[in-house]
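As structure tokens, the structure follows; a few thoughts come after it.
The values are calculated or read from the model by the stated rules, or taken from the named source; none is laboratory data. Because the structure is predicted, anything quoted here is derived from the model rather than measured. Ideal geometry is used to build each Cβ from the backbone, glycine not excepted, and the neighbour counts take in all protein chains shown. All accessible areas refer to the heavy atoms of the entire protein, side chains included, with ligands and DNA or RNA removed. Shrake-Rupley method; radii C 1.70, N 1.55, O 1.52, S 1.80 Å.
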Amino acid sequence: MPEKFKPSEKIRDKQTGKVFTRHYYLKNTPTAELEKIVNSKARPKLRIKCAREISRRKNANELFTKRSDR
């Protein structure tokens, strides 16, 4: 399972009455928001998760640029 940024929430459409679930995964969170959390006084577990995701994105970006230079 991917790591969660915050708990999922169920949202009900008031017109149709249908319920759908919105998930908050780290991989879908903007980098600016992750950096803001790492620099804030958030829970240590969340700060570590966000820092790990930022480093994963930087490594993936470096790998992509190396492949495109060939």
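Things worth noting here:
- Residues E9 and R47, FRET efficiency given R0 of 25 Å [Cβ-Cβ distance, rounded to 0.05]: 0.70
- Percent accessible area from carbon and sulfur atoms, the chain, protein chains only, probe 1.4 Å: 52 percent
- Residues whose amide H comes within less than 5 Å of that of F5, counting only those at least five positions distant or on another chain, are Y24, Y25, L26 (H built at 1.01 Å from N in the peptide plane).
- Relative contact order (%) - criterion: Cα under 8 Å, at least six apart; region: the chain: 24 percent
- Label assignment, Rg and Dmax of the Cα atoms in Å derived from the structure, set (1) 16.3, 53; (2) 12.4, 33; (3) 11.5, 32: (1)
- Here the label points at T65 and N28, each 7 Å from Cα along the C-beta direction, are separated by 2.9 nm in the simple model.
- The residues of the chain present an accessible area of 87 Å² per residue when probed at 1.4 Å with all protein chains retained.
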